[in-house]
Amino acid sequence: MDKIVVRETSQNVFEVLPYGQSIRSDGVLHPWQIVELWSDVQLAAEKIYKVTRAVVPGDKFVVSQNFVRNAQGVVEQVLTLRSKPLAPVTPRQIRLALTQIGLRQQVEDYVNAQDIIVQDSWHYSTEFERNHPLMLACKQALGKTDEELDALFVLAASL
């Protein structure tokens with residue numbers, strides 16, 4: 001089914017009805033097929049609604065969903081989205097990207113001022129992840145933004 005079926009349990013509070021599950025309404029157990037056979041008006045009388053799925057862009061993933069009634073009274077799915085994490089990059093890629101944007105020496109200096117564990121992470125890691133604590137610490141130490149760190153990883157992935 002290309003729609004999500006929800007029931008309004010109290011005013012503006014909706015629950016998703018699992019596909020294929022029988023539906024109880026006013027003490028009567030109805031087969032799932034009522035969703036396909038009854039009109040939207042008949043379903044609405046039972047506080048059951050077929051909701052069009054919200055579109056999820058390819059670079060995002062769903063964190064949570066909610067259902068709300070819009071100004072026209074239509075029940076809609078509202079998604080909370082986050083960007084998909086950027087793919088890990090190789091040590092070569094991250095170093096080339098840092099060199100291109102002029103930050104390589106600053107990062108090297110920062111790493112060399114840290115303890116041996118941080119230095120080992122920088123020198124011997126086989127990949128670097130955007131949200132790794134070392135990357136986040138470097139970002140903060142150099143006064144960079146999340147957007148600048150994202151741009152660094154996008155550039156590194158292209159090299």
Meets criteria (within 24 Å of F14 (Cβ to Cβ), among the hydrophobic types (A, V, I, L, M, F, W, C), open to solvent by less than 40 Å² (accessible area, probe 1.4 Å) and out of contact with any Lys or Arg (no Cβ under 7 Å at 6 or more places or on another chain)) for A137: no
I'd like the full set of residues that are part of a loop (DSSP other than H, G, I, E, B), farther than 21 Å from D59 by Cβ and either under 23 Å from the mean Cα position of the chain (by Cα) or of a type outside the set (G, A, S) (or both), limited to the stretch 126-151. T126, L142, K144
Residue under question is Q42, and the condition is that it be more than 20 Å from E76 (Cβ to Cβ), touching a helix residue (DSSP H, G or I) at 6+ places or on another chain (Cβ under 9 Å), without any contact (Cβ under 8 Å) to a residue 40 or more places away in the chain and exposed (fewer than 12 other Cβ atoms within 10 Å of the Cβ); does it hold? yes
Tell me the strands (runs of 3 or more DSSP E) entirely within the stretch 1-48 that contain at least 1 residues that are in contact with a His (Cβ under 8 Å, 6 or more places away or on another chain). 23-25
Residue set T99, T126; condition closer than 25 Å to A151 by Cβ and open to solvent by less than 90 Å² (accessible area, probe 1.4 Å); output residue T99
Residue by residue through the stretch 22-39, note down the ones that are among the aliphatic types (A, V, I, L, M) and loosely packed, with under 14 Cβ neighbours inside 10 Å. V28, L29, L37
With the requirement that a residue be small (G, A, S), under 21 Å from N12 (Cβ atoms) and open to solvent by less than 80 Å² (accessible area, probe 1.4 Å), what does the stretch 46-93 give you? A54, S64, G73
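The values are calculated or read from the model by the stated rules, or taken from the named source; none is laboratory data. None of these values were measured; they are calculated from a predicted model. Glycine also receives a Cβ, built like all others from the backbone with ideal geometry; neighbour counts cover every protein chain displayed. The protein model used for the area step is the full one, side chains on, heavy atoms only, and it has no ligands, DNA or RNA in it. Shrake-Rupley method; radii C 1.70, N 1.55, O 1.52, S 1.80 Å.
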